Amino acid sequence: MDPVSAGVLMRLALMPIGGAGDDMVPAYYSIGIRTYTSSIATVAPRLSLKLHELAADGCYDELTSLMNDCGACITSMTTA
């Protein structure tokens with residue numbers, strides 16, 4: 001399953017699970033931080049890796065698009 005589809009499924013199916021980090025990827029990487037704690041890695045590891053790959057490669061337009069598509073699920077999962 002591709003990361004966007006995984007994000008859509010999470011948005012529809014998962015309850016908040018706590019933690020933080022994934023929703024901060026754009027901010028962290030923009031100031032030079034190259035790591036983060038991922039609360040979605042156990043339920044959507046490919047999505048978590050995709051966030052890292054896009055941010056590490058400086059693909060901020062694509063990262064922004066992915067965050068817009070999946071950001072609601074990431075934020076709801078990380079702010080319980």
Inset, instruction - Quick one: go through segment 32-46 and flag any residue whose amide nitrogen is under 17 Å from the point 7 Å out along the Cα-to-Cβ line of Cys59. - result: 45-46
Inset, instruction - May I ask for the net charge around Ala44, where only other residues with Cβ less than 10 Å from the Cβ of Ala44 are counted and Lys, Arg are +1 while Asp, Glu are -1? - result: +1
Legend entry - Additional length obtainable on full extension of the chain from Arg34 to Asn68, 0.36 nm per residue less Cα span: 10.2 nm
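No value in this document is a laboratory result; all are computed from the given coordinates. Just so it is clear, the structure is predicted and the values come from calculations on it, not from any experiment. Neighbour counts are summed over all protein chains in view; Cβ atoms, including those assigned to glycine, are modelled from backbone coordinates with ideal geometry.
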